[in-house]
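Right, one structure below, let's go through it.
The values are calculated or read from the model by the stated rules, or taken from the named source; none is laboratory data. From a predicted model like this one, the values you see are computed outputs, not experimental measurements. Positions of Cβ are backbone-derived with ideal geometry, glycine not excepted, and every protein chain shown enters the neighbour counts.
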Amino acid sequence: MTRPRILLIDDDETLTSLLSEHLEAHDYGVEAASDGETGLGLSQASAPDLVVLDVMMPGMDGWQVLERLRHRGDTPVIMLTAKDQEFDKLRAFRLGVDDYITKPFSFAELTARVGAVLSRLPRAADAHHLLTTGDLQIDFERRRVTRAEKVIDLTPTEYRLLECLVRSLDRPIASEDLVQRVWGPRYAGEVEHVKHYIWSLRRKLEVDPGDPKHVLTERGFGYRFV
């Protein structure tokens with residue numbers, strides 16, 4: 001069974017090093033970033049099961065990182081901060097955090113909270129590996145898509161696009177963000193790529209591509225998978 005993957009984003013590298021060792025000893029896979037930009041890059045590349053995010057960081061702070069994470073999808077987030085004012089806690093929960101821990105804290109407490117958040121989201125965790133909806137099944141570990149047990153032949157680009165949509169299950173993703181994540185920064189603004197491949201996906205995945213039930217358009221914004 002694959003270990004849950006945790007991404008730590010905190011500019012205190014001593015803390016993240018010690019916390020990484022502690023979490024790995026409790027059978028979590030851990031990556032760490034010392035700034036917001038690097039953390040966002042890692043979250044996009046590795047699709048962690050949970051993010052532990054510090055608020056006070058130079059450059060892009062935790063609030064900005066959280067907003068970007070929520071724009072991309074619904075990965076669980078635990079905020080980690082020295083602030084304990086009620087205003088900050090309310091702001092964090094309004095922005096969609098799953099838990100909030102005030103420094104100083106014990107590693108045992110954080111580990112318990114990580115486990116609690118992941119246990120409350122079994123469907124989100126399972127979606128990292130296997131998703132079944134009707135007769136359509138997506139197996140991420142095998143990179144295999146089937147409908148009624150018949151394999152659907154997807155190109156590498158079609159698969160990457162589908163995976164991006166499914167990782168943000170039921171949450172819309174902007175067309176520009178899909179371009180960035182599937183094709184990379186060189187194709188910034190080339191939203192026609194997205195339109196073309198969305199139609200290609202619908203032809204292969206949907207019973208009626210003209211009346212899609214899974215790959216839906218969010219007019220004026222982007223697309224989502226339901």
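Details
- Checking each residue in the range 144-167 for being over 16 Å from the mean Cα position of the chain (by Cα), surrounded by fewer than 18 Cβ atoms within 10 Å (Cβ to Cβ) and part of a helix (DSSP H, G or I) picks out 156, 157.
- Residues that are modelled with pLDDT of 85 or more, within 30 Å of residue 140 (Cβ to Cβ) and touching a helix residue (DSSP H, G or I) at 6+ places or on another chain (Cβ under 9 Å) number at least 3 in the following helices (runs of 4 or more DSSP H) confined to the range 48-119: 62-72, 107-119.
- Filtered residues of the range 206-226 (kept if under 23 Å from the mean Cα position of the chain (by Cα), assigned to a loop (DSSP other than H, G, I, E, B) and surrounded by 15 or more Cβ atoms within 10 Å (Cβ to Cβ)): 214
- Applying the set (1) under 21 Å from residue 140 (Cα atoms); (2) surrounded by 17 or more Cβ atoms within 10 Å (Cβ to Cβ) to residue 203 leaves exactly one unmet item: (2).
- Filtered residues of the range 195-217 (kept if over 24 Å from residue 130 (Cα atoms) and in contact with a helix residue (DSSP H, G or I) (Cβ under 9 Å, 6 or more places away or on another chain)): 195, 210
Each row is one residue, and each column tells you yes or no for (1) aliphatic (A, V, I, L, M); (2) surrounded by fewer than 15 Cβ atoms within 10 Å (Cβ to Cβ); (3) touching a Gly at 6+ places or on another chain (Cβ under 9 Å); (4) not assigned by TED's automatic domain parsing to the domain that holds residue 11.
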position	(1), (2), (3), (4)
41	no, yes, no, no
55	yes, no, yes, no
59	no, yes, yes, no
70	no, no, yes, no
78	yes, no, no, no
87	no, yes, no, no
106	no, yes, no, no
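- Any hit, the range 168-187, residues being assigned to a loop (DSSP other than H, G, I, E, B), surrounded by fewer than 15 Cβ atoms within 10 Å (Cβ to Cβ) and of a type outside the set (D, E, K, R): yes
- Test: residue in the range 126-143 that is modelled with pLDDT under 85, part of a helix (DSSP H, G or I) and either within 27 Å of residue 49 (Cα to Cα) or not assigned by TED's automatic domain parsing to the domain that holds residue 71 (or both): yes
- Hey, residue 75 touching a Pro at 6+ places or on another chain (Cβ under 7 Å) and under 24 Å from residue 179 (Cβ atoms) or not: yes
- Close pairs (8 angstrom Cβ cut-off, 6 or more residues apart or separate chains): within 15 Å of residue 113 (Cα to Cα) in the range 1-21, outside any helix (DSSP H, G or I) and of a type in the set (Phe, Trp, Tyr) anywhere: 4/28; 5/28; 6/28
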